[in-house]
Amino acid sequence: MNLEIAHLHLPLTAFALEVNARLGAHITGVFGASGSGKTSLLEVIAGLRRPAAGRIVLDGAVLSDAASGVFLAAEQRHIGYVPQDDALFPHLNVRQNLCYSHTIDQPGPPPQITYAHVVEVLDIADLTERRVASLSGGERQRVAFGRAVLASPRLLLLDEPLDGLDAELKQRVIPYLHTMRDEFGIPMVYVSHNADEIVALCDDVLLLERGCCVRRGTCADLFAVSQAPHYILKPD
Amino acid sequence: MSFEVWQVAWFTTWVAAIGTLLILPPGIALGWLLARKHWPGKTLVETLVTLPLVMPPVATGLMLLKLFGRRGLLGRWCESVFGVEIVFTWRAVVIATAVMSFPLLVRTARLALEGVNPRYEQVARTLGAGPWRVFWTITLPLAARGLVAGAVLAFARALGEFGATIMVAGFIPGRTATLSLSIYHLVQLSRDNEAWGLLAISVALAFGALWLSEILLRKRPSL
């Protein structure tokens, strides 16, 4: 995967999102405090927000280019997005949520990722006929991952997906993300304000502060153990 | 009760239903535009649509009469294109009830659509669904209960329409006589006993409509 974000500019309420980066890692982390523009960055990549300036290119395909007026709609980008609040469709059951993208006639190659495989990898086979409202937090997240993966995205954007879960549950869900990476090979951008999650999952990390990428490096470059097994950001 | 009474009750229900069905697509579309989009002139359109709700119904009726009359802009157009007359026919009753119910429908539709979390729509788009598909499979089902409630409210309002109807359709027994027009007419003629019968039907119809909306609202779609 090669995601090029060139001279991106998006005015937000208090500051502007200004990012200039080339992402190529299997799982890229975007780390920063709440309100540092992480979610806005994901929304821009997903095509849910139109940047004022800049260019975004994924594997050679231009997704948006303000200079030439190109802006590919979200439904044409093949980029998966799991928001913080999982946003499972409440009027559909688990199976219908998982298969939502399959009900759409999409041109292009057939999905390489099968329903049976995804359900097995994420351990949600027993949930498929359940109502969404009856799921626990960890189950909801796994279903949300599965739904995004089943659309065969070229890139998966995860916005603080473990935020609502307690520490123990987080430890149980993180291995599923590892399996997802290994089984499906979909590159991911993982957004979080939690250093432990970033260290557990990411190969390359961008540190976002007030909309700007202030530091970048591997987890070893940016984070240090505070009280094992917890990590903190190293001083600049 | 006589045949006429049932004929009036049936006619009233029928025109109210046609009027409501007629405004359902534009009402939901406008409600969606007001709930989800920003566009120039939005406040003006919103005010214009709400106008029949606060204006004297008779004044709205007069405007419709001028508009759909034989020499009116839309009246002439309807006559030349479809060859049909509007004023003082059942069509005028449908138009009067539709116009008077429209603001209620738009307002409830807007509220219902605003209540749908845009996150669901955004996620559906990242899953490959275009705007129409998102509307039909996500927005509409999630707003359905509020939309049905709005439609029933509009229908109930249409059942009792008086002021605009009397202006644009007049009281012609067997042609434009609705329940409320007939009640007024009978009381004028001191035929109160017959008016009571119509009153009972009016109450039953309104009660039934609201009861239905309550049941529909309580029965959640299979979540």
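The values are calculated or read from the model by the stated rules, or taken from the named source; none is laboratory data. For clarity, every value in this text was computed on a predicted model and none was experimentally measured. Every residue, glycine as well, gets a Cβ built from its backbone with ideal geometry; the counts of neighbours run over all protein chains shown.
Among the residues of the range B:21-78, those that are among the small types (G, A, S) and either part of a helix (DSSP H, G or I) or farther than 23 Å from B:A158 by Cα (or both) comprise B:G27, B:A29, B:G31, B:A35, B:G41, B:A59, B:G61, B:G72, B:G75. Remark: B:L140 falls outside the filter, which requires a residue to be away from every other protein chain (no Cβ under 14 Å) and under 19 Å from B:K37 (Cα atoms). Of all residues in the range A:11-55, those satisfying the criterion of being part of a loop (DSSP other than H, G, I, E, B) and among the basic types (K, R) are A:R49, A:R50. Within the set A:H91, A:H7, the sole residue that is outside any helix (DSSP H, G or I), over 30 Å from A:R130 (Cα atoms) and more than 17 Å from the chain's Cα centre (by Cα) turns out to be A:H7. Mind checking whether some residue in the range A:152-168 is part of a strand (DSSP E or B) and in contact with a Gly (Cβ under 6 Å, 6 or more places away or on another chain)? Scanning the range A:152-168 turns up at least one residue that is part of a strand (DSSP E or B) and in contact with a Gly (Cβ under 6 Å, 6 or more places away or on another chain). Among the residues of the range B:205-217, are any at pLDDT 90 or above and among the hydroxyl-bearing types (S, T, Y)? No: zero hits. Within the range A:141-195, restricting attention to residues that are farther than 24 Å from A:T128 by Cα and among the aliphatic types (A, V, I, L, M), the residue that is surrounded by the fewest Cβ atoms within 10 Å (Cβ to Cβ) is A:A167. In the range A:50-74, which residue that is within 14 Å of chain B (Cβ to nearest Cβ) and surrounded by fewer than 20 Cβ atoms within 10 Å (Cβ to Cβ) is nearest to A:R210 (Cα to Cα)? Here the residue is A:R50. Kindly indicate whether any position in the range A:75-95 is closer than 30 Å to A:D196 by Cα and more than 13 Å from every other protein chain (Cβ to nearest Cβ). Scanning the range A:75-95 turns up no residue that is closer than 30 Å to A:D196 by Cα and more than 13 Å from every other protein chain (Cβ to nearest Cβ).
For B:V123, the test of being within 14 Å of chain A (Cβ to nearest Cβ), surrounded by fewer than 21 Cβ atoms within 10 Å (Cβ to Cβ) and either β-branched (V, I, T) or not in a helix (DSSP H, G or I) (or both) is failed. When A:E129, A:E183, A:E139 are checked against the criterion of being more than 22 Å from B:Q122 (Cα to Cα), not hydrophobic (A, V, I, L, M, F, W, C) and not in a loop (DSSP other than H, G, I, E, B), A:E183 stands alone in meeting it. B:A129 satisfies every condition listed in (1) within 11 Å of another protein chain (Cβ to nearest Cβ); (2) farther than 19 Å from B:L30 by Cβ; (3) outside any loop (DSSP other than H, G, I, E, B) except (3). Kindly evaluate A:E43 against the criterion of being surrounded by 14 or more Cβ atoms within 10 Å (Cβ to Cβ), more than 28 Å from A:A14 (Cβ to Cβ) and within 14 Å of chain B (Cβ to nearest Cβ). The answer is no for A:E43.
Residues in the range A:182-236 that are acidic (D, E), closer than 22 Å to A:V44 by Cα and touching a Leu at 6+ places or on another chain (Cβ under 8 Å): A:D204 only. All conditions in (1) of a type in the set (D, E, K, R); (2) farther than 30 Å from B:R145 by Cβ; (3) in contact (Cβ under 8 Å) with a residue 12 or more places away in the chain hold for A:D65, with the sole exception of (3). For B:S190, the requirement of being outside any helix (DSSP H, G or I), at pLDDT 90 or above and over 20 Å from B:V94 (Cβ atoms) is met. For B:F162, indicate whether it is modelled with pLDDT of 90 or more, under 15 Å from the mean Cα position of the chain (by Cα), closer than 17 Å to B:F88 by Cβ and away from chain A (no Cβ under 14 Å). So B:F162 fits the description; yes.
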